[in-house]
Amino acid sequence: MFLSALGTTRAAAGGLENQRNIDYELNLQLAKAAKDAGVETYVLISVAGATAKGLLPYSKMKGELEDAVKTLGFKHCVILKPGLLVGERKESRPTEWLVQQLAKGAGAMSSGLKDFWAQDAEVVARAAVSAGLSCNEGKQAEGVWVLEQKDIVRLGRTEWDGSKKKKEEEER
C-alpha cells in the first residue's frame with residue numbers, strides 16, 4: 001500500500017507554479033513509481049470539491065491529480081476528499097486558525113455541526129489507513145473508491161474505534 005498526503009500551500013511553496021510542482025507533479029511521480037514497484041493499493045488524500053473542471057486553481061489541481069491517478073491502473077485506488085483539516089500546524093496561518101476555532105467550537109456543541117465541512121486530521125489519517133487495509137484484506141471491490149467527508153468520519157472515527165475495542169477485547 002502507498003499512501004500520499006503530500007501537499008503544501010501556495011504561500012509555503014512560493015507561488016502557484018511551485019505548489020503545482022509539489023501537489024500535482026510530485027504526487028503523480030510518486031504514484032507512478034509506486035505502480036512501477038508493484039504496489040496494488042494507492043491511497044490519496046485530496047480535498048472536498050476537487051474537480052479538474054474547477055475554477056479555483058487549488059481545487060482544479062487536486063481534481064486533475066485525482067483523474068491522473070485513476071488512470072494508472074492500481075488494483076485499488078482510494079481517494080479521500082476531506083473538508084477543512086482541523087489540527088495543529090507548525091506554521092502560522094491566522095485566517096485558517098480562526099476557521100479551525102469555529103470548527104472546534106461547532107464540534108464541541110455537536111460533532112454533526114463540524115463533520116460535514118471540517119474533519120480532524122487524525123480522523124482523516126485513520127480513515128486513510130483503514131481504507132487501505134480494507135483493500136489489502138480483500139474487503140473492498142477492486143477499482144476506484146472515493147471517500148467523501150461522511151465516509152471519512154465513519155471510517156476514521158466509528159470503525160477505527162470499533163476495531164480498536166475489538167483488538168483490546170481479543171488481547172484480554
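The values are calculated or read from the model by the stated rules, or taken from the named source; none is laboratory data. The structure presented is a predicted model; accordingly, all values stated were derived computationally and were not measured. Counting neighbours? That spans all protein chains shown, and the Cβs are built from the backbone with ideal geometry, glycine included.
Considering (1) of a type in the set (Phe, Trp, Tyr); (2) modelled with pLDDT of 80 or more; (3) part of a helix (DSSP H, G or I), say which one TRP97 fails and leave the rest.
Among (1) of a type in the set (Phe, Trp, Tyr); (2) modelled with pLDDT of 80 or more; (3) part of a helix (DSSP H, G or I), TRP97 violates only (2).
Return yes or no: is GLU91 modelled with pLDDT of 65 or more and over 30 Å from GLU40 (Cβ atoms)?
Considered against the rule, which asks whether it is modelled with pLDDT of 65 or more and over 30 Å from GLU40 (Cβ atoms), GLU91 comes out as yes.
Name the residue, out of ALA5, ALA34, ALA50, that is at negative phi and surrounded by fewer than 20 Cβ atoms within 10 Å (Cβ to Cβ).
None of the others qualify; the one that does is ALA5.
For region 12-81, please list each of the helices (runs of 4 or more DSSP H) lying entirely inside it that holds at least 3 residues being of a type in the set (A, V, I, L, M).
27-36, 57-70
What is the residue count in region 18-41 for residues that are closer than 16 Å to GLU64 by Cα and touching a residue at least 24 places away in the same chain (Cβ under 8 Å)?
Residues meeting the conditions: 9.
Which residues, taken from region 42-93, are in contact with a Phe, Trp or Tyr (Cβ under 8 Å, 6 or more places away or on another chain) and free of Cβ contacts under 8 Å to residues at least 12 places away in the same chain?
Hit for region 42-93 is ARG89, nothing else.
I'd like to know if region 114-127 contains one or more residues that are assigned to a helix (DSSP H, G or I), hydrophobic (A, V, I, L, M, F, W, C) and either exposed (fewer than 14 other Cβ atoms within 10 Å of the Cβ) or modelled with pLDDT under 90 (or both).
yes
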